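The structure appears below as structure tokens.
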Amino acid sequence: MSLTSLSPAVLADPRIAPLVAATATRPTGSAALAVSLTLRTDLWEPLVRYRGSSRWTALLEPDDVRRFLDPSLHAELAEAQIWLLSWLPEQGTPLHDHGLSAGAFAVARGTLTERVVATGGAGGPRESDTELPAGRLRFFGPHYVHQVTNRHSEPAVSVHVYAPRLTEMNTYRLDGSALLRTGTERAGVDW
Ligand SMILES: [Fe+2]
């Protein structure tokens, strides 16, 4: 049921009104921002580059993308950090987290494979692989550990949104039943 299908009497109910207000003003979040930007090919297609030596990345400032969006739907834009990435075949990341940042990424072109390592439950780390063709989206909270790779023959492009902005990323390797941290990269030092 959409908000517009509720009668005026229901909308005015003091038990309902606060819920409606919260719903109507809830930010659409990083996920909606990432998807919205992948749809704006006129934004990212002129910018994207492919680089054989290592993955190509570009940081997009909020002012770079604001005119491509409906600002009323993206109140969180000012606080978000947006990256445009390209992936040639076989290019990928190590296992990593995003520090205290939450975020989302959406595939704009090609297909990416995401390997997620979940910890915290009984029985040690659990791995899963998901194929993400263009149009697919993943969103995550802090300390989410994943690895993203282009296992396909076509180049891929993706849009990544982090909030708050990335300050550090830890890299990992899976050693049997242990997830071992192998390094830390910091904003202003490593990227
Ligand atoms: Fe990531």
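Just so it is clear, none of the values below were taken in a lab; they were calculated from the coordinates. Since this is a predicted model, take the numbers as computed values, not measurements. Methodologically, a virtual Cβ is constructed for each residue, glycine included, from the backbone with ideal geometry; neighbour enumeration extends over all protein chains shown.
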For the stretch 103-191, what class follows from the C-alpha gyration tensor (a ≥ b ≥ c being the square roots of its eigenvalues): rounded when a/c is under 1.5, otherwise prolate if a/b is larger than b/c, else oblate?
-> oblate
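Relative contact order for the chain: what percent, with Cα pairs under 8 Å and sequence separation of 6 or more?
Details: 391 pairs, mean separation 46.8, N = 191.
So the answer I get is 25 percent.
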Which three semi-axes in whole Å describe the equivalent ellipsoid of the stretch 9-186, each the square root of 5 times a Cα gyration tensor eigenvalue, listed largest first?
-> 30, 23, 15
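Set the Förster distance to 22 Å, then compute FRET efficiency between residue 122 and residue 175 from the Cβ-Cβ distance, nearest 0.05. Intermediate results must be reported in sequence, preceding the final value.
Working: r = 19 Å, r/R0 = 0.85.
After rounding to 0.05, the efficiency reads 0.70.
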What spacing in nm lies between the two simple spin-label points modelled at residue 64 and residue 154, each 7 Å away from Cα in the Cβ direction?
-> 2.4 nm
Which value at 222 nm does the chain reach when only helices count, each DSSP H run of 4 or more adding -39,500 (n - 2.57), with the total divided by all residues and rounded to the nearest 500 deg cm²/dmol?
-> -4000 deg cm²/dmol
Where does each of 69-78, 148-157 land if you order them by average Cβ count within 10 Å, highest first?
-> 148-157, 69-78
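Taking the Cα centre of the stretch 9-186 as origin and charging only Cβ (+1 Lys, Arg; -1 Asp, Glu), how large is the dipole, in debye to the nearest 20?
Values: 18 positive and 19 negative charges, 24 e Å.
Around 120 debye, computed over the stretch 9-186.
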